[in-house]
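J.: Handing you a structure now.
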Amino acid sequence: MTDSSSMPDLMKALGFSGDDLEANRAGRISHRQRRSLAKEYALYYIALALGSMIFLVIGFAVAIGRLVVRSMGAGEICGLLIGIGFLLGAVYTAWIMTSDLFGGVCRTVTGDATFEADSDETTLRVTSSSPAFDHRFKLAKSFPALPGGPMRVYFTPRMKTLIGMERV
């Protein structure tokens with residue numbers, strides 16, 4: 001049974017609606033939540049793409065310059081390998097975010113939730129014994145102080161992005 005007395009506070013704080021919650025209860029991410037995640041993930045995509053391009057352009061420029069003079073040292077090889085590694089990491093991270101976004105599936109865990117605030121951010125910690133789960137979800141710095149307690153938390157499967165919650 002859901003304690004609905006604090007649902008408006010949770011909904012307002014996390015920015016989700018009753019329709020979102022119904023979709024989450026059915027194991028899906030709502031269309032509105034997908035749009036919101038797409039906006040959030042867009043910054044990651046841009047940063048990953050720019051970082052990869054910078055590393056690769058510098059790495060290839062140095063490598064080609066050294067190949068022309070027929071001497072490529074260990075530093076240049078390491079720089080090129082770091083650029084390729086960064087690109088592979090970026091592609092993997094983009095794949096994870098995209099599979100969360102277009103997979104449309106959400107996971108749920110029910111457990112004891114506590115909100116921990118410091119000067120930089122608020123963290124939601126959820127502890128459950130079945131299945132064993134202890135996860136921290138980073139929340140916005142301006143997240144309001146809410147009482148903890150037993151909650152059902154909905155999140156994306158790979159990036160573990162919090163998308164909704166309700167008291168139980």
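J.: Once you order the gyration tensor axes a ≥ b ≥ c over the Cα atoms, which shape class does the range 99-168 get: rounded for a/c under 1.5, otherwise prolate or oblate by comparing a/b with b/c?
T.: oblate
J.: Using protein chains only and a probe of 1.4 angstrom, how many square angstrom of TYR44 are accessible, to the nearest 10?
T.: Only protein atoms counted, so the area is about 120 Å².
J.: Using 7 Å Cα-to-Cβ label points, what is the PHE60/HIS31 separation (nm, one decimal)?
T.: For the pair PHE60/HIS31, the computed spacing is 4.0 nm.
J.: Taking R0 as 30 Å, what FRET efficiency do you get between PHE143 and MET53 from their Cβ-Cβ distance, rounded to the nearest 0.05?
T.: Using R0 = 30 Å, I get an efficiency of 0.30.
J.: What ranking of HIS135, HIS31 comes out by heavy-atom accessible area, probe 1.4 Å, highest first? Write down the numbers at each step before the final one.
T.: Numbers: HIS135 45, HIS31 140 Å².
Highest to lowest solvent-accessible surface, that is HIS31, HIS135.
J.: Could you work out how far the C-alpha centroid of the range 15-47 sits from that of the range 84-99, in angstrom?
T.: Centre-to-centre (Cα) distance: 20 Å.
J.: How do VAL57, VAL153 rank by accessible surface area computed with a 1.4 Å probe, from largest to smallest?
T.: Ranked from most to least accessible, the order is VAL57, VAL153.
J.: Going Cα to Cα from LYS138, which aspartates and glutamates come in below 13 Å? Please leave out same-chain ones fewer than 8 positions away.
T.: Straight-distance partners of LYS138: GLU116, ASP118, ASP120, GLU121.
J.: Measure off 7 Å from each Cα along the Cα-to-Cβ vector at THR123 and TYR44, then give the distance between these two points in nanometres to one decimal.
T.: 1.9
J.: Given the Cα-Cα distance of CYS78 and ASP9 and 0.36 nm per residue of separation, how much length would full extension add, in nm?
T.: Extra length from CYS78 to ASP9 when fully extended: 19.7 nm.
The values are calculated or read from the model by the stated rules, or taken from the named source; none is laboratory data. Remember, it's a predicted structure, so these values are computed and weren't measured experimentally. Cβ: placed from backbone, ideal geometry, glycine included. Neighbour counts: every protein chain shown. Ligands, DNA and RNA are stripped out before the accessible areas are found, and what is left, the full protein with its side chains, is counted by its heavy atoms. Shrake-Rupley method; radii C 1.70, N 1.55, O 1.52, S 1.80 Å.
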